[in-house]
Amino acid sequence: MTTMTLQALIFDLDGVLTDTAELHYRTWQRVAEEEGFAFSRSLGDQLRGVSRRASLEAILAGRVLSEAQMTALQARKNDHFLTMLNHMTPADLLPGVLPLLDDARASGLRTAVASASQNAHAVLDRLGIRPRFDVICDGHSVLHSKPAPDLFLLAATRLNVPPSACVVFEDAAAGIVGARAAGMMVVGVGPPSRVDGANLVVSSLANVRLADLQRLVADRQPPAAEEMYA
Ligand code: BG6
Ligand code: MG
């Protein structure tokens, strides 16, 4: 049996490279308050990694609005988000991001962002790290967002690396499901209760060692026959 070698790191953005998960939470909370919809921290957590449209549908919890109302609420939420984004600077990078990207580059690994956000390029620009990635796939790149595997598979294709040679960093259940469906190993960033489907869990990227990721990929078991032919 040949062992696979780690070739690429694929990063979710919101909640992994920066704490924009909190901005998404606060801006949906504001829209929910304005409209009189129920909203809570636990619902906000379930929306991590979920597209703008699907997030609104989850908040509506079965209420039916016209297409024009849906569009208007999504636009208002995004306006609130962009206003907050104006205050973002490179100081908002989460701990460990720059050292990990430096280590990856020094080790010859390819790097990508796979984010469900249509604002991913703008966020990466505010953080000053856009040129550090070989590939950026965002909320405009695929039809089926997370938890579908499409965003991750597109990133691997554009990196020219097989999915089994990639490690994904995710803070959200939707992303973990998508990355695993893409056949990739996943590092969950955050409390174990939120990222329990991951292959490895860290509280912060500052705790990630490349050697651990290399081992994760090298030690992976081949899929069971029934998974391969499902
Ligand atoms: C994901 C966030 O990265 O992007 C979600 O975790 C967000 O909270 C989604 O809803 C879509 O973002 P945007 O910027 O297109 O509204
Ligand atoms: Mg995220």
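The values are calculated or read from the model by the stated rules, or taken from the named source; none is laboratory data. These figures come from a predicted structure and were not determined experimentally. Because the Cβ atoms are built from the backbone with ideal geometry, glycine has one as well, and the counts that use them run over all protein chains shown. Surface areas here come from the heavy atoms of the whole protein model, side chains and all, with no ligands, DNA or RNA. Shrake-Rupley method; radii C 1.70, N 1.55, O 1.52, S 1.80 Å.
Taking a sphere under 14 Å around the Cβ of Val177 and counting the other residues whose Cβ falls inside, with K and R at +1 and D and E at -1, yields a net charge of -1. Directionally averaged projected area (the chain, Cα convex hull): 13.1 nm². Solvent-accessible area of the chain (1.4 angstrom probe, protein heavy atoms only): carbon and sulfur portion equals 53 percent.
Computed across the range 20-85, the Kirkwood radius stands at 11.8 Å (inverse of mean 1/r, all Cα pairs). Dipole size of the chain about its Cα centre, with +1 on Lys/Arg Cβ and -1 on Asp/Glu Cβ: approximately 200 debye, rounded to the nearest 20. The loop-placed chymotrypsin sites (Phe, Trp or Tyr not before Pro) in the range 132-230, going by DSSP, that have at most 16 neighbouring Cβ atoms within 10 Å of their Cβ come out as Tyr229. Summary of packing: across the peptides 90-100, 116-126, the per-residue average of other C-beta atoms within 10 Å ranks them, highest first, as 116-126, 90-100.
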